[in-house]
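Before any comments, here is the structure.
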Amino acid sequence: MLAHKIGSLLFCPTCGTLLDLPKDKEKHVTCEQCGHEEPTSSYEGIEITTGSHPDAFPSALRQKRKTQTKLHEGADQGTLVSEKCPSCGHMEAYSREKQMRSADEGSTILYTCTSCKHGWRVNN
Ligand SMILES: [Zn+2]
Ligand SMILES: [Zn+2]
């Protein structure tokens, strides 16, 4: 099977992962995902174009290159307060107040450590 070529990039024919450029003296490029070995000869004759169209890449492939951020970094993270993280001891956390349904349960403060992202809650 031959690798898929998009511009100057090669994609694994087995799993579709973007393959790295061959390193010096290596005879093939190994797919990080499935271990498929693509001969570096596949790279020969590829036109290296600058300013290629990133929109041509399937978005799923591009997302794999990004580091995974699980928590929302943005509006919903809460207020920055000085609170000691029980997990790592860091002294800054985001706090959000969560109102319970019944009045006698009071409210709960949700904290998220800014350092290790550990989350915990404190009942009022
Ligand atoms: Zn692969
Ligand atoms: Zn922490």
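Read-outs throughout are calculated quantities, based only on the coordinates presented, and are distinct from any laboratory measurement. Please read these numbers as outputs of a predicted model, since none were measured by experiment.
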What number, in percent, do you get for the relative contact order of region 75-123 if the mean sequence gap of Cα pairs under 8 Å and at least 6 apart is divided by its residue count? 29 percent
What is the P(r) of region 75-123, as percent of Cα-Cα pairs per 5 Å bin from 0? 5, 25, 29, 19, 12, 7, 2
